[in-house]
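Step one of this worksheet: look at the structure below.
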Amino acid sequence: MTADSADRRHARRVLFPCEVHAFGVGERLIDPHIVDLSTSGAFVATPSELPVGEVVILKFRAAQTDLKVESEVAHVDPQRGLGLRFLHLTGAQETAIQRAMEAAEEDR
């Protein structure tokens, strides 16, 4: 088991269907949607394929907060989308994501 797969198994994730604007190097991802969210990353459904390690900028709304988060492609599922790991979250960004996750769990 790699560190990435261990992180995916241990990070608490919640279903968080959300529209997102996502940009890789020089290109916008096609029709991206956040499927699930954690404080360590997100899975984004998209037919776009990017290589592992590619930096992706995500813009989305969580807990009434507009977020712009730098992430990197951690894994690719060609049939579904991209597993993204967040990079350099600020305290405010992490708090907004935690609040959004709590609200999503309450809604279930």
If a paramagnetic tag sat 7 Å from the Cα of Val55 along the Cα-Cβ line, which residues of segment 75-99 would have the backbone N under 16 Å from that point? 85-90
Semi-axes of segment 8-66's equivalent ellipsoid from the Cα gyration tensor, sqrt of 5 times each eigenvalue, largest first, rounded to whole Å? 19, 15, 10
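Treat every Asp and Glu Cβ in segment 3-107 as -1 and every Lys and Arg Cβ as +1, leave all other atoms uncharged, and give the resulting dipole magnitude about the Cα centre to the nearest 20 debye.
100 debye
Give the order of Val44, Val55, Val35, Val25 when sorted by the count of other beta carbons within 10 angstrom, beginning with the fewest.
Exposure proxy ranking, most exposed first: Val25, Val55, Val35, Val44.
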Compute the Cα gyration tensor for segment 53-108, then decide on rounded, prolate or oblate, letting a ≥ b ≥ c be the square roots of its eigenvalues: rounded whenever a/c is under 1.5, prolate when a/b is larger than b/c in the other cases, and oblate in all that remain. oblate
Spacing of the two label points (7 Å from each Cα toward its C-beta) at Glu106 and Asp66, in nm: 2.5 nm
Considering the chain, what Rg and Dmax in Å follow from its alpha-carbon atoms? 12.8, 38
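Values quoted throughout were computed directly from the atomic coordinates according to the rules given, and no laboratory measurement underlies them. Quantities reported herein were computed from a predicted structural model and do not represent experimental measurements. Reconstructed Cβ throughout: ideal geometry from the backbone, glycine too, with neighbour counts over all protein chains shown.
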